[in-house]
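What follows is calculated from the coordinates using simple rules that are stated; it is not laboratory data. All values reported here derive from a predicted model rather than from experimental measurement. Cβ placement follows ideal geometry from the backbone for every residue including glycine, while neighbour counts extend to all protein chains displayed.
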Amino acid sequence: KAGVTQTPRYLIKTRGQQVTLSCSPISGHRSVSWYQQTPGQGLQFLFEYFSETQRNKGNFPGRFSGRQFSNSRSEMNVSTLELGDSALYLCASSPDRGSTEAFFGQGTRLTVV
Amino acid sequence: AQSVTQLGSHVSVSEGALVLLRCNYSSSVPPYLFWYVQYPNQGLQLLLKYTSAATLVKGINGFEAEFKKSETSFHLTKPSAHMSDAAEYFCAVSDRPGYALNFGKGTSLLVTP
């Protein structure tokens with residue numbers, strides 16, 4: 001069974017631009033969560049989607065948004081990029097809403113210059 | 001909100017020595033606790049989880065952790081360190097299955113020959 005796939009692995013963007021990151025969960029998994037990892041703030045929860053609905057949202061500005069498609073694939077979008085958005089963005093998938101298992105992808109390394 | 005504190009941002013052990021990584025949680029309700037490992041440029045891999053079934057939890061790669069309610073701790077141990085154990089370790093807590101994980105700041109484990 002293929003794991004969680006995140007694309008692209010690396011990305012360089014300029015301040016003010018927007019970016020879209022993609023996450024394909026493990027086949028059959030319906031819950032997808034996103035996390036931001038930075039040296040200063042550590043791992044922080046962004047949002048969680050289940051069956052195309054956002055169920056939980058972390059404490060991030062509205063520039064951060066996401067969505068989930070009917071095939072459970074998810075995308076997150078960051079608009080008006082700031083230098084501080086440079087981070088490793090991790091996606092995790094779970095079989096269902098009540099699962100205690102979260103399987104992480106390798107992440108997308110975003111650098112904002 | 002649930003939170004965890006990892007004591008020691010860096011831990012160094014000799015190969016073959018005991019590994020002890022400390023994690024204390026803050027929770028008013030029975031928590032769900034996790035230990036994840038992250039290798040350089042990789043995502044997170046679940047080592048083990050506590051979901052109230054048993055206080056001593058065995059995980060992958062010879063790691064185990066003991067849930068101690070009286071001490072609000074969930075320390076990670078391994079009897080004999082291997083060079084391949086060198087990585088970043090994260091303790092995490094969730095108040096409900098499938099909900100957002102709150103991560104500790106992480107502990108970097110160095111294993112010396």
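Figure the gain on full extension for residue A:12 and residue A:55 (residue separation times 0.36 nm, minus the Cα-Cα span) and round it to one decimal in nm.
So the extension gain works out to 12.5 nm.
If one computes P(r) from the Cα atoms of chain A, what percent of pairs lie at distances over 19 Å?
Everything past 19 Å amounts to 39 percent.
Just checking the output field for A:71-82: average partner chain Cβ neighbours within 10 Å of each residue's Cβ?
Values: counts 0, 0, 0, 0, 0, 0, 0, 0, 0, 0, 0, 0.
Going residue by residue through A:71-82 and averaging, the value is 0.
When only DSSP loop residues count, what trypsin sites (Lys or Arg not before Pro) in the stretch A:22-93 have their Cβ near at most 13 other Cβ atoms within 10 Å? Present the calculation step by step, with values, prior to reporting the outcome.
Numbers: sites: A:30, A:55, A:57, A:63, A:67, A:73; in loops: A:30, A:63, A:73.
Filter output for the stretch A:22-93: A:63.
Largest first, please: the extent of the C-alpha atoms of the stretch B:1-93 along each principal axis, to the nearest Å.
Largest to smallest, the principal-axis extents are 37, 26, 22 Å.
What list of whole percents do you get for P(r) of the protein assembly as shown, with Cα-Cα distances grouped in 10 Å bins up to the one holding the largest distance?
Bins of 10 Å from zero give 8, 33, 35, 19, 4, 0 percent of pairs.
Which FRET efficiency value, to the nearest 0.05, do you get for residue B:42 and residue B:20 by plugging their Cβ-Cβ distance into 1/(1 + (r/R0)^6) with R0 = 22 Å?
Rounded to the nearest 0.05, the efficiency is 0.40.
Using Cα centres only, tell me the gap between the stretch B:76-113 and the stretch B:5-55 in whole Å.
Answer, in whole Å: 4.
DSSP beta bridges in the stretch B:34-76, what fraction antiparallel, as a percent rounded to 5?
Counting DSSP beta bridges with both partners in the stretch B:34-76, the antiparallel share is about 100 percent.
Whole angstrom only: what separates the Cα centroid of the stretch A:1-60 from the Cα centroid of the stretch A:85-113?
5 Å
If I model a spin label at residue B:105 and residue B:88 as a point 7 Å from the Cα along the Cα→Cβ vector, what separation in nanometres do I get?
Going by the 7 Å Cα→Cβ label model, 1.3 nm.
Dividing the convex hull volume of the alpha carbon atoms of the stretch A:3-48 by its residue count, what do you get in Å³ per residue?
Working: hull volume 4.9 nm³, N = 46.
Residue-normalised Cα hull volume stands at 108 Å³.
Just grab the label-to-label distance for residue B:52 and residue B:5, each label 7 Å out from Cα along the Cβ direction, in nm (one decimal).
Once both label points are built, they end up 2.5 nm from each other.
From the square roots a ≥ b ≥ c of the eigenvalues of the alpha-carbon gyration tensor of the stretch A:65-113, which class results: rounded (a/c under 1.5), prolate (a/b over b/c), or oblate?
prolate
Work out the mean other chain Cβ neighbour count within 10 Å for the residues of A:37-45 and drop it here as an integer.
For peptide A:37-45, the averaged partner shielding equals 4.
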